[in-house]
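The values are calculated or read from the model by the stated rules, or taken from the named source; none is laboratory data. This structure is a prediction, so every number in the text was calculated from the model and none was measured. For neighbour counting, all protein chains shown are included, and Cβ atoms are generated from backbone atoms with ideal geometry for every residue, glycine included. Note: accessible area is taken over every heavy atom of the protein model, side chains too, but ligands, DNA and RNA are not part of it. Shrake-Rupley method; radii C 1.70, N 1.55, O 1.52, S 1.80 Å.
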Amino acid sequence: MTEETLEIEQQLDKLLTDIQPNLQDVIKRSFTNVAIQQTKNGEQIKTDVLEDTSYFAKNTQVTLSRLELVKSPTFHMQSVSLDLKSMSLSLKCSLGEVNVRGLYSAFNENLYNLIPVMSEGHLVISLSNMIADVKVGLVLVDDAFSFINPAIEFIHDEVLVKLSWPSPQRNGGYEFTTTEQLAKHIDDLPLTAAISLALFALLRQKLQRHLEKVLYQATSVSDVVGCNPSMLEAYSAMVNKLSESGNRVIDMILINMRRTLLQTCTEILELPPLHATFLHKIGSVSFVGKFETELGWVKNLASINRVNDVTVTRPDPGRTCFHVTLKIKDLQIGYDEYRVKALGVGCTGRVVSSFSDNSIHMALCVGLARWEPYAQLDDLRVHHCGGMDMHITGLGPLSGELNSVRGWIRGAVRAHAQPAIDAQLQHELRTALTELPLTELIREAQT
């Protein structure tokens with residue numbers, strides 16, 4: 001390293017330290033400005049919808065349909081922390097109360113054997129005091145900052161579920177009966193857990209679009225480096241060096257994970273059978289039908305890879321943390337045999353769904369504790385599973401239930417596939433960390 005290069009790096013270090021507080025304030029103001037612009041443009045009026053889904057619990061099956069946000073959330077920033085040297089941004093923002101409304105259709109097999117009944121009605125799910133805890137990596141795009149590897153966690157005070165359904169009266173007619181359920185967390189109730197993956201994915205997408213506009217409007221790389229070409233070159237080199245070291249570490253781990261998944265034949269996971277009941281309508285008459293599958297599967301876990309550069313932060317000299325967004329390139333969920341029957345008509349076939357728009361967030365730290373190397377997995381979970389493309393054979397005269405099958409598969413993704421994928425990938429990563437030389441990982445992280 002020449003003396004001139006060393007001097008430029010020292011000047012850059014001081015410059016980034018000096019400009020950071022002011023840029024934080026600019027980002028905070030821009031966060032509010034973008035919210036005002038979206039309100040003026042009428043973007044808050046647009047309806048945000050969730051796909052139909054189902055959940056299955058013992059002998060009870062519930063289908064949720066026509067799900068939508070009652071009101072598009074507005075993001076109010078509470079705090080922000082910018083680190084230009086590690087190219088990372090952390091913030092907290094409030095969404096207020098988030099409400100989802102829709103229709104439900106519930107069927108209990110034991111009850112139906114006594115009294116042929118299927119309960120249908122309206123539902124409203126309310127999550128109070130929703131807070132988004134956001135961490136992103138920063139990248140240079142043209143003359144502005146953008147972000148990668150978003151880690152967005154949602155916290156709320158409680159969840160309230162209101163169900164209402166028409167109840168027949170003695171004197172004729174109907175009145176709506178209402179019941180409520182209260183829980184501390186969205187995943188504590190089966191009804192709300194069924195939509196948590198899709199709801200949080202939708203809120204993440206909206207928050208990410210908001211943050212993209214904020215950074216585009218608020219930041220200028222030229223202003224940060226004082227329009228100094230030498231400073232800009234040094235800053236770009238620093239950013240590239242940081243991501244390259246992170247990429248080497250994560251790629252070593254992913255190569256090991258993929259090899260183990262293939263060698264142990266665990267890239268294909270078994271899923272439990274599906275059992276669903278539905279109303280098949282012909283004109284004004286409804287008939288109860290049944291849909292059943294054999295064991296299912298989720299496969300191609302070994303096609304997991306990162307979708308962009310790794311974000312590297314160093315909270316202290318002895319600890320390096322990595323955040324990265326992963327994707328299973330050819331994620332498929334299927335059932336090799338299903339049976340469906342309604343109105344005396346029976347069909348059999350095979351159903352396979354691919355999910356091209358999936359994302360997995362990974363957070364990992366390595367370092368030294370009392371001069372002993374260690375690795376710590378902080379997060380490895382599916383954050384989004386969309387882009388569903390379903391292929392089904394043999395439905396024939398019951399093809400009108402195609403949308404119902406899609407809802408049942410989405411329910412299986414949330415209830416069965418997502419937990420199985422999370423658990424298997426976490427196991428494989430921990431296995432990889434025991435097999436890889438930690439001292440080499442730490443050395444790569446610090447270069």
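In terms of the Cα gyration tensor, with a ≥ b ≥ c the square roots of its eigenvalues, is region 209-296 rounded because a/c is under 1.5, prolate because a/b exceeds b/c, or oblate? It would help to have the intermediate numbers written out before the result.
Values: a/c = 9.70, a/b = 1.87, b/c = 5.18.
Here region 209-296 falls in the oblate category.
Give the longest segment of the chain that steers clear of trypsin sites (Lys or Arg not before Pro) in DSSP loops with at most 11 neighbouring Cβ atoms within 10 Å, not counting the sites themselves. Walk me through the numbers on the way to the answer.
On the way: sites that count: K46, K58, R170, K184, R370.
Value returned for the longest uninterrupted segment is 185-369.
Separation between the T179 and T74 pseudo-spin-labels, each 7 Å from Cα along Cα→Cβ, expressed in nm?
With each label placed 7 Å out from Cα toward Cβ, I get 3.6 nm.
Indicate, rounded to the nearest 5 percent, the antiparallel portion of the DSSP beta bridges found entirely in the chain.
Numbers: 127 of 127 bridges.
Here the share of antiparallel DSSP bridges comes out near 100 percent.
Quick one: Cα centre-to-centre distance for region 125-157 and region 308-346, in angstrom?
19 Å
Using Cα-Cα distances under 8 Å and only pairs 6 or more residues apart, what relative contact order does region 322-397 have, in percent?
On the way: 154 pairs, mean separation 25.9, N = 76.
Reported as a whole number, the value is 34 percent.
Taking the structure as given and computing Rg/Rh (Cα atoms, Kirkwood Rh), which label from (1) 1.04; (2) 0.94; (3) 0.98 fits?
This structure yields the entry labelled (1).
Applying the Karplus parametrisation 6.51 cos²θ - 1.76 cosθ + 1.60 with θ = phi - 60° to the phi angles of region 25-33, what ³J(HN,Hα) value in whole Hz is obtained for each residue in order, glycine and proline being reported as x?
Karplus values, whole Hz, x for Gly and Pro: 5, 4, 5, 5, 5, 5, 4, 6, 4.
Compute the length gained on full extension between V345 and D13: take 0.36 nm times their separation in residues and subtract their Cα-Cα distance, giving the result in nm to one decimal. Mind showing how you got there, number by number?
On the way: separation 332, 0.36 × 332 = 119.52 nm, distance 7.34 nm.
Value of the extension gain: 112.2 nm.
Please list, in order along region 11-18, the HN-Hα scalar couplings obtained from phi with the Karplus expression 6.51 cos²θ - 1.76 cosθ + 1.60 (θ = phi - 60°), rounded to whole Hz, x for Gly and Pro.
Along region 11-18, the couplings run 5, 5, 4, 5, 4, 5, 5, 6 Hz.
Taking only protein heavy atoms and a 1.4 Å probe, what accessible area per residue, in Å², does region 166-267 have with all protein chains in place?
Values: 5370 Å² over 102 residues.
Here the per-residue accessible area is 53 Å².
How far, in nm, would the chain grow between S356 and S230 when pulled straight, counting 0.36 nm per residue and subtracting the alpha carbon separation?
On the way: separation 126, 0.36 × 126 = 45.36 nm, distance 4.18 nm.
The span from S356 to S230 would gain 41.2 nm if fully extended.
If R0 is 60 Å, what FRET efficiency do you get for N300 and W371 from their C-beta distance, rounded to 0.05?
Details: r = 41 Å, r/R0 = 0.68.
Calculated value: 0.90.
Using a ≥ b ≥ c from the Cα gyration tensor of region 64-194 (square roots of the eigenvalues), is it rounded, prolate or oblate, where a/c under 1.5 gives rounded and otherwise the larger of a/b and b/c decides, a/b for prolate?
Values: a/c = 3.41, a/b = 3.00, b/c = 1.13.
In terms of gyration-tensor shape, prolate.
Using a 1.4 Å probe on the protein chains only, how many percent of the accessible area of the chain belongs to carbon and sulfur?
Numbers: 11110 of 21930 Å².
On the chain, the fraction of accessible area on carbon and sulfur atoms equals 51 percent.
Given the pairs K213/K327; K85/K327; K28/K327; K40/K85; K135/K162; K46/K85, which span a C-alpha to C-alpha distance of over 29 angstrom in this model?
Values: K213/K327 25 Å; K85/K327 27 Å; K28/K327 31 Å; K40/K85 36 Å; K135/K162 33 Å; K46/K85 38 Å.
Long pairs (Cα-Cα over 29 Å): K28/K327; K40/K85; K135/K162; K46/K85.
For a quick check: with amide H placed at 1.01 Å from N, whose amide H comes under 5 Å from L331's, ignoring anything fewer than 5 positions away on the same chain?
F355
How much area per residue is accessible in region 322-362 when the probe is 1.4 Å and only protein heavy atoms are counted (Å²)?
Details: 1550 Å² over 41 residues.
Ligands and nucleic acids excluded, the figure is 38 Å² per residue.
By how many degrees, between 0 and 90 and to the nearest 10, does the Cα long axis of helix 418-435 differ from the longest principal axis of the chain?
Relative to the chain, helix 418-435 is tipped by roughly 30 degrees.
Read phi for every residue in region 315-321 and hand back ³J(HN,Hα) as whole Hz from Karplus 6.51 cos²θ - 1.76 cosθ + 1.60, θ = phi - 60°, with x for Gly and Pro.
Couplings: x, 8, x, x, 9, 10, 10 Hz.
With a sphere of radius 12 Å drawn around the Cβ of N403, what net charge do the other residues whose Cβ falls strictly inside it have (Lys, Arg +1; Asp, Glu -1)? Each step should come with its number before you reach the end.
Working: positive: R66, R406, R410; negative: E51, D52, E401.
Combined, the nearby Lys, Arg, Asp and Glu give 0.
Just read off the accessible area of W297 with the full protein assembly in place, 1.4 Å probe, to the nearest 10 Å².
30 Å²
Accessible area per residue for region 22-159 in Å², computed with a 1.4 Å probe and the full protein assembly in place, what is it?
Numbers: 6590 Å² over 138 residues.
I get 48 Å² per residue for region 22-159.
Give the angle, between 0 and 90 degrees and rounded to the nearest 10, that separates the Cα long axis of helix 229-263 from the longest principal axis of the Cα atoms of the chain.
It works out to around 50 degrees.
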